[in-house]
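**Q** This is the structure I want to talk about, given as structure tokens.
Bear in mind that the values in this text are calculations on the coordinates, not laboratory data. Not measured: the values here are computed from a predicted model. Positions of Cβ are backbone-derived with ideal geometry, glycine not excepted, and every protein chain shown enters the neighbour counts.
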Amino acid sequence: KWNTFALRCIAMPDPRVPLEYLASPLAAFEAWRDPLTGRRPQLEFLVAAARSDRRVIQAGNQVGKTYVTVLDDLLVALGWHPFVRRDGPQKVWVSVLDWEWERGQVLWPTMRRLLPTREVRGVTYWRRGDPEIPLYVSFRNGSLITFKSAAAGREKYQGVGVDLLHLSTYGSRRGNHE
């Protein structure tokens, strides 16, 4: 089953990318469509990377905000994003409000399901128990995804250049925004 996003990935100039992308769990992405308006906020978020280096996704509960932002993180780290072209290894930070709930029970389970294992060099964990809490995901291409917590304070964010910063904000466990 082909989708618009997968077809755009096939058109990318690096011939290695489409085959690896299509063989990975990332290729299963199918953008949610709002039944009332026909809009696809997930796809709009990904495509917006072609126009701006700052993007926000706001949508209702259970429409895939976490899924699409994690997909975006992985596509950038792997160099497979059809709308973000950067050379060399990428430094991606994923910032959450807290370690336990948001990272351990929301973001990491989604990322773990989407990880193309052939491209992963390793995962460094802060805790392997329930829930698992990763610190880093390193990739064969040299890219690194680092998990941060806003609870650590602003000093932990100062003075370091990153290629992508994913700020995930949850107002509460019921009402959330990415």
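**Q** Give me the distance in nm between label points sitting 7 Å out from Cα along the Cα-to-Cβ direction at Gln158 and Asp87, one decimal.
**A** 3.4 nm
**Q** Hey, can you grab everything whose amide H is under 5 Å from the amide H of Arg121? Only 5+ residues off in sequence or another chain; H modelled, so Pro and N-termini drop out.
**A** It is Ser138, Phe139, Arg140, by chain and number.
**Q** Once phi is turned into ³J(HN,Hα) by the Karplus curve 6.51 cos²θ - 1.76 cosθ + 1.60 with θ = phi - 60°, what whole-Hz value does each residue of the range 139-144 show in order, with x for glycine and proline?
**A** Each residue's phi maps through the Karplus curve to give 10, 4, 7, x, 6, 9 Hz.
**Q** Let me ask another. Return the long-range amide H neighbours of Leu135 (sequence gap of 5 or more, or a different chain), with a cut-off of under 5 Å between placed amide H atoms.
**A** Close amide H contacts, sequence-distant or interchain: Thr124, Tyr125, Trp126.
**Q** Still on this structure, I have one more. Between beta-carbons, use under 12 Å as the cut-off and find the net charge around Arg40, counting Lys and Arg +1, Asp and Glu -1.
**A** Around Arg40, the charge tally is -1.
**Q** Ok, one more. Could you tally the net charge around Ser138, taking each other residue with its Cβ under 13 Å from the Cβ of Ser138, Lys/Arg +1 and Asp/Glu -1?
**A** With Lys, Arg at +1 and Asp, Glu at -1, the net is +2.
**Q** Tell me, what ³J(HN,Hα) does each residue in the range 27-40 have, in order and in whole Hz, if you take phi through Karplus 6.51 cos²θ - 1.76 cosθ + 1.60 with θ = phi - 60° and put x for Gly and Pro?
**A** Each residue of the range 27-40 in turn: 5, 6, 4, 9, 4, 5, 10, 5, x, 8, 9, x, 5, 10 Hz.
**Q** From the phi of every residue in the range 65-77, what ³J(HN,Hα) in whole Hz does the Karplus formula 6.51 cos²θ - 1.76 cosθ + 1.60 yield, where θ is phi - 60° and glycine or proline is x?
**A** Values per residue, Gly and Pro as x: 5, 4, 4, 6, 6, 5, 4, 4, 4, 5, 4, 5, 4 Hz.
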